[in-house]
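A short worksheet on the structure shown next.
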Amino acid sequence: MSSITTKDGTEIFYKDWGSGQPIVFHHGWPLSGDDWDTQMLYFLGQGYRVIAHDRRGHGRSSQTSKGHEMNTYAADVAELVAKLDLRDAIHIGHSTGGGELTRYVARHGAGRVAKAAFHGGAVAFVIGMPDHVRAGGGGAFLRLIVGAIVDHDDLVPWRRGAQRNGLRRAQLRARNRAERGSGQQEGRYEEHSRRNRHGVTSGAEP
């Protein structure tokens, strides 16, 4: 089994197949490098070197309780890349792996990364932090989520069928609110808004 031991003593398992330009795969939570096997075998057949690791706390890597944030995830990748001396590498990240990839490129990727690709990658700073004033804002994000819950008539098949049967959109919306308990959802939104105003999250007022 191939692995490295990071500076804080965490063992990181990895797979390294083939030769040629390297492609490094970053998996999502709570998966492992094995979830990229199909893609790895494909690109291996196209003449690439393919690498996938199990993030700390995932798969065959150390089941540690420490270091579960993007800076450490990125540092683990940097140690692996240095160990394997990967250069001109293509990195592909899915979900949490997208966040890991972004942080790795920003902090450690100079001179080593050729391209970065994101497949449903995690979006950073959706709600925002006090020191990140360009974030979209908690209020706007929560309105988007509540709107998707309360007003999604066109997304559910039976509602589309009901529309074809002559029910008006307003009737469908009223039925949807009754089923989903819009008062409860709005109450949750107000609670989030209150917490936002008191500094639990930052961003625009609703």
Could you check Gln39 against (1) without any contact (Cβ under 8 Å) to a residue 40 or more places away in the chain; (2) farther than 16 Å from Ser2 by Cβ; (3) assigned to a helix (DSSP H, G or I); (4) not hydrophobic (A, V, I, L, M, F, W, C) and say which number it fails? (1)
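Take His68 and decide whether it is in a loop (DSSP other than H, G, I, E, B) and surrounded by fewer than 17 Cβ atoms within 10 Å (Cβ to Cβ). Reasoning before the result, please.
On the way: in a loop (DSSP other than H, G, I, E, B): yes; surrounded by fewer than 17 Cβ atoms within 10 Å (Cβ to Cβ): yes.
Answer is yes for this residue.
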By residue number, the members of the range 66-85 that are more than 20 Å from the chain's Cα centre (by Cα) and under 19 Å from Glu11 (Cβ atoms) are Glu79, Leu80, Val81, Ala82, Lys83, Leu84
Right, Ser3: of a type in the set (S, T, N, Q), out of contact with any Gly (no Cβ under 8 Å at 6 or more places or on another chain) and either over 22 Å from Phe118 (Cα atoms) or assigned by TED's automatic domain parsing to the domain that holds Gly97 (or both) or not? yes
Scan of the range 1-30 for residues that are at pLDDT 95 or above and among the hydrophobic types (A, V, I, L, M, F, W, C), ordered by number: Ile4, Ile12, Phe13, Trp17, Ile23, Val24, Phe25
Filter the range 35-57 for residues that are surrounded by fewer than 21 Cβ atoms within 10 Å (Cβ to Cβ) and touching a His at 6+ places or on another chain (Cβ under 8 Å) and give the result. Asp35, Gly57
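The values are calculated or read from the model by the stated rules, or taken from the named source; none is laboratory data. The structure presented is a predicted model; accordingly, all values stated were derived computationally and were not measured. For neighbour counting, all protein chains shown are included, and Cβ atoms are generated from backbone atoms with ideal geometry for every residue, glycine included.
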